[in-house]
Each structure stands twice: as structure tokens, then as C-alpha cells.
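Quick notes on the structure that follows.
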Amino acid sequence: MDIPALTFNGPSVDAVPAATAEALHTALDDAGCCLIEGAAPVAVMDAIAAELAPFGDVGSVGASAFEGFATTRIGAPLPRSPTFQSIATHPLVMAAGDHVLGHATSWRFSAAEYIDIGPGETPQRLHRDQWKYDMVDFDFEVELNGMWAITDFTEDNGATRVVPGSHRLGNTETLHHDDTVPAEMAKGSLLLYTGSLYHGGGPNRTTERRAGLSLQHAVGWLTQSTNQFLECPPTQVSTWPDELLRFIGYAKTGNGLGYWRDSEDPLSAVHPDRTFDRGWATVRSD
Ligand SMILES: O=C(O)CCC(=O)C(=O)O
Ligand SMILES: [Fe+2]
């Protein structure tokens, strides 16, 4: 199997130049993953880490072998970290999602989790993130996921292991650690991969911790991994931009999904003083 190049330089501006978008799309098509160096400033990563640090005590530690006995996971980073809110709709994420999931009427944020792999952690079992959907072996992409490098990711400290090209394999493939490569990247880089890509957290053989902010997005007709309306309830998000609220699920989707009560737009629950169009059969007519 030819392994396409994983790494190219990402933009530091707000828009994705056409050449970069093309390279991103090619990498996602050919490898099922791509790694963008310097997608966000180091200071942004540090700010997210600082904003989430107070939740370290409530995060789950060693909840299962799959989640990692030496790994701390902090959920709900969106409401807990204003800095993460500012990059949740990063242009590279949007460009990748539009490309991978653009076949659906809409796609949206599904969950994010701060994953802090501690010294001594063992390799996570290789998996496809889309297995959460009852192991259905979709023949099209349903998820676009990712990982922000909050710290440097090295082979030794637990960089995510990926199997480039494995998005084309089926559910029955047996892959081993030897088939993987480490997504080594500097703080501020972004790894993007499809939900069909085999990957897993790496072993940490150092005395330092490896922190990443994992991202999940899915087509709008699938259940989100975490319940956004409990994590981001209407009364607590009234100052958030519409774009972000639509992205996390305050939007109609598919052919008649996501409305509430009397054919109402879910954003009206956040902004009862504003007027929104009614109707649920309005998203796609073809
Ligand atoms: O922490 C990592 O590098 C990957 C974690 C992961 O793939 C998962 O928990 O689904
Ligand atoms: Fe995963």
C-alpha cells in the first residue's frame, strides 16, 4: 500500500487558501487522515489547557482499559473553555468536514474531549471511531474527527497511532501496532481523520504527559456522542455566536430532524425574543 504524505503546512490566517484545501482534501481521500502543522498558535493551546485545568479533578481517570488506566479525560471542553469555543469552527476543520461529510444534508459537532495520557500508559486498542454507531460498516464517511496537539506529540510520549489508508478497509481487518505510524506533531498542530480510520492512543514511555483535544463531528442524522443540549443548555449559551450554536446542534437537519415543539427552530429556545421560520420539512427538497 502506498502511504501518502501525511504532513503539510497549514495556514495561519482565517481562510483556507485553495491550494491548501486541495492538499487537505487529497490527504483525507488518499490517507483518511492528515496532519497540519501550526494550525493554531501555541498560546491558544496553552489557554485551553489552563481553562480546563480546574476540571482535572472531576475528569475521569482510568475508567476502562480502552479509555486508559493512566489517562485523564476531561469532557465538555466547549462550555468550559472559551478559547476552544473560538477555534471549534476553525476554517481547516470546516473545510475538511465539508469535504468528507458534504454528501449529507448537514454535518455538525458531535463531541470533544481533553485526553491527557500519563507516564506508563499502554497502547490503546486500535479502533475506528465510527464503531460507536453499532459497528455498522458504512460504505461512506459519517465522521470527521481530529486531535489538537495541546502539548507536543512524540512517538515516546503517546502520539496517536494511525494507519494511513485504513479508511478503505472493512471492519474485519486485523491490524497491529506495527501497521501504525505515530502522528508526531508540535503543539498547535491539528490531526484530522475520518471516523473510518484505524487508530489508537500511543503508549507513553516518558515521564511527561501528552495532552490533546480530541474532536468528533458527524453527519446530522446521527446521534451526537455527547448530549450538547445538556452540556450547553439554552440558558447558558445566549451570548454564543449563531454559527457556533448551529454547529453544535441548535439547527434543523436532514429531512425533518432536530426541530422542536410546534415545528420550531431550535435556536428559538436560546433566543425566544427573535423570530425564526417555522416548519420541519424545509431543509432539503431533492
Ligand atoms: O488519545 C489519543 O491519541 C487517541 C484517543 C482515541 O482515539 C479515542 O479515545 O477514541
Ligand atoms: Fe479514537
Apart from one, (1) over 19 Å from residue 162 (Cα atoms); (2) away from ligand 2 (no atom under 16 Å from the Cβ); (3) touching a strand residue (DSSP E or B) at 6+ places or on another chain (Cβ under 6 Å); (4) at pLDDT 95 or above all hold for residue 27; the odd one out is (1)
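Of all residues in region 186-209, count the ones that are of a type in the set (A, V, I, L, M), crowded, with 24+ Cβ neighbours inside 10 Å and touching a helix residue (DSSP H, G or I) at 6+ places or on another chain (Cβ under 9 Å).
As a first pass, look at region 186-209 and keep what is of a type in the set (A, V, I, L, M): 186, 190-192, 197.
If we keep only those that are crowded, with 24+ Cβ neighbours inside 10 Å too, we end up with 190-192, 197.
Still in the running and touching a helix residue (DSSP H, G or I) at 6+ places or on another chain (Cβ under 9 Å): 190, 192, 197.
Adding up the residues that qualify gives 3.
Give me a count of the residues in region 225-238 that are among the hydrophobic types (A, V, I, L, M, F, W, C) and either crowded, with 21+ Cβ neighbours inside 10 Å or not in a helix (DSSP H, G or I) (or both). Full working, then the answer.
So the first thing to find is which residues in region 225-238 are among the hydrophobic types (A, V, I, L, M, F, W, C), and the list is 229-230, 232, 237.
Adding the requirement that they be either crowded, with 21+ Cβ neighbours inside 10 Å or not in a helix (DSSP H, G or I) (or both) leaves 232, 237.
Qualifying residue count for the region: 2.
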Touching a His at 6+ places or on another chain (Cβ under 7 Å), at pLDDT 95 or above and either assigned to a loop (DSSP other than H, G, I, E, B) or exposed (fewer than 15 other Cβ atoms within 10 Å of the Cβ) (or both), is that true of residue 123?
-> yes
Being over 22 Å from residue 90 (Cβ atoms) and at pLDDT 95 or above narrows it down to one of 188, 165, so name that one.
-> 165
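Here are 88, 95: which of them is over 20 Å from residue 27 (Cβ atoms) and either within 16 Å of ligand 2 (Cβ to nearest atom) or buried (at least 17 other Cβ atoms within 10 Å of the Cβ) (or both)? Explain how you work it out, then say what you get.
Details: 95 fails: over 20 Å from residue 27 (Cβ atoms).
Selected residue: 88, the only one of 88, 95 that is over 20 Å from residue 27 (Cβ atoms) and either within 16 Å of ligand 2 (Cβ to nearest atom) or buried (at least 17 other Cβ atoms within 10 Å of the Cβ) (or both).
Residue 160 - would you say it is hydroxyl-bearing (Ser, Thr, Tyr) and within 10 Å of ligand 1 (Cβ to nearest atom)? Can you show your working first?
Numbers: hydroxyl-bearing (Ser, Thr, Tyr): yes; within 10 Å of ligand 1 (Cβ to nearest atom): yes.
Judged against the criteria, residue 160 is a match.
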Residues of region 127-144 being aromatic (Phe, Trp, Tyr) and more than 10 Å from ligand 2 (Cβ to nearest atom), which ones?
-> 133, 138, 140
Determine whether region 262-284 contains at least one residue that is out of contact with any Ser or Thr (no Cβ under 7 Å at 6 or more places or on another chain), assigned to a loop (DSSP other than H, G, I, E, B), in contact (Cβ under 8 Å) with a residue 40 or more places away in the chain and small (Gly, Ala, Ser).
-> no
Filtered residues of region 37-92 (kept if of a type in the set (Lys, Arg) and more than 23 Å from residue 230 (Cα to Cα)) | none
For residue 250, are the conditions met, namely being within 16 Å of ligand 2 (Cβ to nearest atom) and either in contact (Cβ under 8 Å) with a residue 12 or more places away in the chain or surrounded by fewer than 16 Cβ atoms within 10 Å (Cβ to Cβ) (or both)?
-> no
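Being more than 15 Å from residue 108 (Cβ to Cβ) and within 15 Å of ligand 1 (Cβ to nearest atom) is the filter here; which residues of region 134-143 pass it? Reasoning before the result, please.
Let us first name the residues in region 134-143 that are more than 15 Å from residue 108 (Cβ to Cβ), namely 134-140.
Hit for region 134-143 is 135, nothing else.
The values are calculated or read from the model by the stated rules, or taken from the named source; none is laboratory data. These numbers come from a predicted model, not from an experiment. Quick reminder, even Gly has a Cβ in these numbers, built from the backbone with ideal geometry, and neighbours come from all protein chains shown.
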